[in-house]
Amino acid sequence: MGLRLFVVRHAQTDWNRERRYQGWQDSPLSEVGRGQAAAVARALQDGKLDAVYSSPLRRAVTTAEAIAAPHGLPVRVEEAFREIGFGAWEGLTLEEAQQRYPDETRHWNERPHEALPPGGEALGDVRRRVLAGLEELRAEHDGGSICLVTHGVPARLLILEVLGLDLSRIWAVHVATTGISELEFRADWTALHRMNTLTHLEAGPSAR
């Protein structure tokens, strides 16, 4: 037995479009994001899902609600899958953060596994809470298929885990807004069936 996990990054917010650090800030979906959420919901409506989980942040919950609706499922909120806390960078654009915190942002870009955003979370700490959440999902849904709506960093961490890669490789993985990754976890092996598929967005404009 095992768990088949569809990992979806939340739909676009205005802060995504403006390239701002969001972290724990509770930004809502943009107009484009609402369209993306509807599109990813259509992409996942025909497969069987036993549960839909979400980070507690509004942009993830709203996306998860769209996915859950065709299945008649409630959204189950799990704190473990909240985005990394960016501390003092939250609300700043990438350029603003680089200007104010040049050494720290360079460290984050070049050696993320050793970086610590001022007032934020270390990547290793985020990995521990994400993997603890994953273990709970595996225990509760052994043999099932579920969807998890989360954020850029937790989604990358789950993909690294299934591929057996360490934290230093996190920027080798790209996850776009409403990108779908399909992961399988079994007792003796793991598999990545697809990563960051975006065909559901091809019918209209999207911000990635």
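Throughout, read-outs are computed from the coordinates displayed, never taken from laboratory work. Only a predicted model underlies this, so the values are computations on that prediction, with no experimental measurement involved. Because the Cβ atoms are built from the backbone with ideal geometry, glycine has one as well, and the counts that use them run over all protein chains shown.
One residue stands out in segment 136-147 among those that are assigned to a helix (DSSP H, G or I) and crowded, with 16+ Cβ neighbours inside 10 Å: the one that is nearest to the chain's Cα centre (by Cα), namely L137.
With the condition kept exactly as written, say whether any residue in segment 5-15 is surrounded by fewer than 18 Cβ atoms within 10 Å (Cβ to Cβ) and either in a loop (DSSP other than H, G, I, E, B) or touching a residue at least 12 places away in the same chain (Cβ under 8 Å) (or both). Yes, segment 5-15 contains at least one residue that is surrounded by fewer than 18 Cβ atoms within 10 Å (Cβ to Cβ) and either in a loop (DSSP other than H, G, I, E, B) or touching a residue at least 12 places away in the same chain (Cβ under 8 Å) (or both).
Residues in segment 74-109 that are crowded, with 20+ Cβ neighbours inside 10 Å and of a type in the set (S, T, N, Q): T105 only. Of all residues in segment 75-91, those that are in contact (Cβ under 8 Å) with a residue 24 or more places away in the chain and more than 16 Å from E65 (Cα to Cα) have Cβ atoms under 9 Å from Cβ atoms of residues that are part of a loop (DSSP other than H, G, I, E, B) and of a type in the set (D, E), 6 or more apart or on another chain, in I84/E121; G85/E121; F86/E121; G87/E121.
Of all residues in segment 169-197, those that are of a type in the set (K, R) and touching a Gly at 6+ places or on another chain (Cβ under 7 Å) total 1. Considering only residues that are over 19 Å from L116 (Cβ atoms), among the hydrophobic types (A, V, I, L, M, F, W, C) and over 12 Å from the mean Cα position of the chain (by Cα), which ones fall in segment 54-96? Answer for segment 54-96, where residues must be over 19 Å from L116 (Cβ atoms), among the hydrophobic types (A, V, I, L, M, F, W, C) and over 12 Å from the mean Cα position of the chain (by Cα): A66, I67, A68, A69, L73, V75, V77. Reported count of residues in segment 167-202, each being under 26 Å from D142 (Cβ atoms), out of contact with any Asp or Glu (no Cβ under 8 Å at 6 or more places or on another chain) and charged (D, E, K, R), is 4. Before we move on, is D26 surrounded by fewer than 17 Cβ atoms within 10 Å (Cβ to Cβ), free of Cβ contacts under 8 Å to residues at least 24 places away in the same chain and either within 28 Å of G119 (Cβ to Cβ) or not small (G, A, S) (or both)? For D26, the condition - surrounded by fewer than 17 Cβ atoms within 10 Å (Cβ to Cβ), free of Cβ contacts under 8 Å to residues at least 24 places away in the same chain and either within 28 Å of G119 (Cβ to Cβ) or not small (G, A, S) (or both) - is not met.
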